[in-house]
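Down below is the structure, laid out as structure tokens.
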Amino acid sequence: MKQSLILIFLTAMTISVKAQNQSQMTINQEAPVVQTKEIVINATPEKVWQILTNIHNWDKWNERIKSPELQDNLEVGSSFTWKTNGSKIKSKIHSFTPNKILGWQGKAFGASAIHNWHLEPTENGTKVVVEESMEGWIISLMKKKMNEKLEDDMLYWLEQLKQKCEK
């Protein structure tokens with residue numbers, strides 16, 4: 001009886017964690033700052049994935065990123081830190097499907113974000129879709145400026161990723 005109760009409890013916890021991870025995969029469409037951008041890269045999803053998920057090397061191909069540091073193996077629950085636009089961001093992976101989906105939640109002073117990458121094979125390579133929502137008191141205060149900055153950063157990141165993948 002005791003073993004059955006433990007098994008039921010562990011199963012319920014596993015289902016709860018899986019549901020939580022899946023609910024985090026979606027950006028908050030109601031957040032004050034929301035952007036979605038895409039690009040087609042002339043490279044396989046595997047090559048794009050290899051470059052995108054090598055967090056330690058982000059700063060080698062995207063000069064707007066500084067000091068990226070992954071604390072563990074890259075998987076759901078892993079944490080990493082990085083700097084962009086003068087802010088240090090603490091992020092945690094919430095979605096990880098090799099060659100398809102990479103997503104994280106990040107926090108910085110007065111702000112939180114949900115950021116997702118989606119890779120889809122095409123006849124010409126890989127369609128890369130990036131989406132992000134940002135919220136928090138500082139984001140609400142500077143909504144217009146933050147939307148413009150996020151759009152610019154996403155387009156830049158996609159262009160840099162494309163250049164790196166197509167070398």
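The values are calculated or read from the model by the stated rules, or taken from the named source; none is laboratory data. Note that the structure is a prediction, hence the values are computed from the model and not measured. Glycine also receives a Cβ, built like all others from the backbone with ideal geometry; neighbour counts cover every protein chain displayed.
Among the residues of segment 147-167, those identified as surrounded by 20 or more Cβ atoms within 10 Å (Cβ to Cβ) and either closer than 22 Å to PHE109 by Cβ or of a type in the set (Val, Ile, Thr) (or both) are LEU150, TRP157. Within segment 106-113, can one find any residue that is in contact with a helix residue (DSSP H, G or I) (Cβ under 8 Å, 6 or more places away or on another chain) and either modelled with pLDDT of 95 or more or buried (at least 19 other Cβ atoms within 10 Å of the Cβ) (or both)? Yes: segment 106-113 contains one or more residues that are in contact with a helix residue (DSSP H, G or I) (Cβ under 8 Å, 6 or more places away or on another chain) and either modelled with pLDDT of 95 or more or buried (at least 19 other Cβ atoms within 10 Å of the Cβ) (or both).
Checking LYS149, LYS100 one by one, the residue that is in contact (Cβ under 8 Å) with a residue 12 or more places away in the chain, charged (D, E, K, R) and within 26 Å of GLU46 (Cα to Cα) is LYS100 and no other.
Listed here are the residues, each with its yes/no results for (1) loosely packed, with under 15 Cβ neighbours inside 10 Å; (2) touching a Pro at 6+ places or on another chain (Cβ under 9 Å); (3) at pLDDT 95 or above; (4) among the hydrophobic types (A, V, I, L, M, F, W, C).
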site	(1), (2), (3), (4)
SER16	yes, no, no, no
GLN20	yes, no, no, no
THR26	yes, no, no, no
ASP59	no, yes, yes, no
ARG64	yes, no, yes, no
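In segment 32-44, the residues that are without any contact (Cβ under 8 Å) to a residue 24 or more places away in the chain form no Cβ pair under 9 Å with any partner that is polar (S, T, N, Q) and assigned to a strand (DSSP E or B), whether six or more places apart or across chains. Report every pair of residues separated by at least 6 positions or lying on different chains whose Cβ atoms are under 8 Å apart, first residue within segment 71-84 and closer than 15 Å to HIS115 by Cα, second at pLDDT below 95 and assigned to a loop (DSSP other than H, G, I, E, B). Matching pairs, first to second residue: SER78/GLN71; SER78/ASP72; SER79/GLN71; SER79/ASP72; PHE80/GLN71; THR81/GLN71. When you look at LYS100, is it surrounded by fewer than 16 Cβ atoms within 10 Å (Cβ to Cβ) and at pLDDT below 95, yes or no? So LYS100 does not fit the description; no. Screening MET142 with (1) surrounded by 13 or more Cβ atoms within 10 Å (Cβ to Cβ); (2) within 28 Å of ASN42 (Cβ to Cβ) gives one miss only, at (2).
Yes or no: segment 33-49 includes at least one residue that is part of a loop (DSSP other than H, G, I, E, B), of a type in the set (A, V, I, L, M, F, W, C) and surrounded by 15 or more Cβ atoms within 10 Å (Cβ to Cβ).
Keep residues of segment 33-49 that are part of a loop (DSSP other than H, G, I, E, B), which gives 42-44.
Those left that are additionally of a type in the set (A, V, I, L, M, F, W, C): 43.
Going one step further and asking which of them are surrounded by 15 or more Cβ atoms within 10 Å (Cβ to Cβ), we end up with 43.
Within segment 33-49 (the criterion being part of a loop (DSSP other than H, G, I, E, B), of a type in the set (A, V, I, L, M, F, W, C) and surrounded by 15 or more Cβ atoms within 10 Å (Cβ to Cβ)), the answer is yes, since at least one residue qualifies.
Checking each residue in segment 62-103 for being under 23 Å from GLU38 (Cβ atoms) and among the charged types (D, E, K, R) picks out GLU63, ARG64, LYS100.
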